1. If you scan the stretch 70-91, which residues turn out to be surrounded by fewer than 17 Cβ atoms within 10 Å (Cβ to Cβ) and within 30 Å of residue 172 (Cβ to Cβ)?
2. Residues in the stretch 23-35 that are of a type in the set (A, V, I, L, M) and either over 28 Å from residue 157 (Cα atoms) or not assigned by TED's automatic domain parsing to the domain that holds residue 103 (or both): how many?
3. So, in the stretch 19-30, of the ones that are in a strand (DSSP E or B) and without any contact (Cβ under 8 Å) to a residue 24 or more places away in the chain, which residue ends up farthest from the chain's Cα centre (by Cα)?
4. Would you pick out the residues in the stretch 38-72 that are acidic (Asp, Glu) and either assigned to a strand (DSSP E or B) or over 18 Å from residue 155 (Cβ atoms) (or both)?
5. Of everything in the stretch 152-184 that's without any contact (Cβ under 8 Å) to a residue 40 or more places away in the chain and among the charged types (D, E, K, R), which residue is farthest from residue 116 (Cα to Cα)?
6. Take residue 150 and decide whether it is assigned to a helix (DSSP H, G or I), at pLDDT below 95 and either within 14 Å of residue 53 (Cβ to Cβ) or of a type in the set (A, V, I, L, M, F, W, C) (or both).
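The values are calculated or read from the model by the stated rules, or taken from the named source; none is laboratory data. The structure presented is a predicted model; accordingly, all values stated were derived computationally and were not measured. Here Cβ is always computed from backbone atoms with ideal geometry, including for glycine, and neighbour counts include all displayed protein chains.
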Amino acid sequence: MKKAIILFITLLLSSIIEVKANEIVSFSKCIDGDTAKFNINNEIVKVRFIAIDTPELAHNDNDDELYARQAADFTCEKIKNAKEIILEYENNKVDKFNRTLAWIWIDGELLQKELIKKGYAKVAYLYDNYKYTNILQLEEQIAKKSNLGIWKDNISIYKVIFKYDDNERIEEVIENDKANAFIPTKKGYNFVCWNYNGKPFNFDTPINENIILNAEFKKNNNMYIFIIIGIILIYSILSIMPLKGRKKHGK
């Protein structure tokens with residue numbers, strides 16, 4: 001009887017600990033491949049994904065590391081479109097930067113595992129005997145053997161050169177990835193599109209060579225309308241002023 005009571009208490013305590021170790025949260029903000037912000041009990045908390053590391057996005061004037069953008073986009077899409085997000089904690093709930101550490105469960109799937117499987121992350125920062133480390137390490141070996149993502153051999157990098165209003169911007173793109181569009185500015189003109197070989201470029205096109213994109217602009221006709229209206233107003237004011245002067249002189 002005593003053993004049964006002890007077993008019951010143990011199971012009860014275990015379930016209580018499990019509830020405390022897991023928390024349903026909501027999405028707040030994307031940061032990069034292995035970090036995001038979540039709404040936890042009406043507080044916005046920065047969370048570092050435990051046991052993995054993704055390539056770094058650019059800081060200051062540096063370039064993105066290879067697959068940094070792909071990892072960030074993958075993570076952001078997952079958490080933004082999730083029906084349910086659960087954070088699962090280990091014993092060390094925060095890191096040395098005071099960021100919350102957690103396993104990220106997205107609709108029943110472990111996000112760390114999905115990033116590893118895609119080749120967008122590697123197993124890293126194992127400061128304890130974490131719960132799912134073995135699963136991640138197995139997936140990492142499979143990704144390595146399959147030459148996925150960051151484990152690719154002989155990765156080809158191509159340059160997409162954007163030319164606009166005597167300016168030039170260069171983006172390096174991994175083979176078969178897509179270039180990121182942006183809207184350039186030119187004083188007195190409206191941007192129309194990016195042209196490649198004289199035709200509008202489709203940014204869903206995989207990049208397999210170095211390409212040059214030229215910006216197409218058209219004159220902003222609104223500016224001329226404002227100028228014409230301004231001239232009419234000035235002319236009207238000048239034409240009225242002498243009339244008032246003549247009336248006053250006549251009195």
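1. Hits for the stretch 70-91 are 73, 77, 80, 81.
2. First, the residues of the stretch 23-35 that are of a type in the set (A, V, I, L, M): 24-25, 31.
Cutting the leftovers down to either over 28 Å from residue 157 (Cα atoms) or not assigned by TED's automatic domain parsing to the domain that holds residue 103 (or both) gives us 24-25.
Residues that pass the stated criteria total 2.
3. In the first step, residues of the stretch 19-30 are kept if they are in a strand (DSSP E or B); the result is 22-30.
Next cut, without any contact (Cβ under 8 Å) to a residue 24 or more places away in the chain only: 28-29.
Numbers: 28: 13, 29: 9 Å.
The selected residue is 28.
4. Just the residues of the stretch 38-72 that are acidic (Asp, Glu), to begin with: 43, 53, 56, 61, 63-65.
Hits for the stretch 38-72 are 43, 53, 61.
5. That would be 166.
6. Numbers: assigned to a helix (DSSP H, G or I): yes; at pLDDT below 95: yes; either within 14 Å of residue 53 (Cβ to Cβ) or of a type in the set (A, V, I, L, M, F, W, C) (or both): yes.
For residue 150, the condition - assigned to a helix (DSSP H, G or I), at pLDDT below 95 and either within 14 Å of residue 53 (Cβ to Cβ) or of a type in the set (A, V, I, L, M, F, W, C) (or both) - is met.
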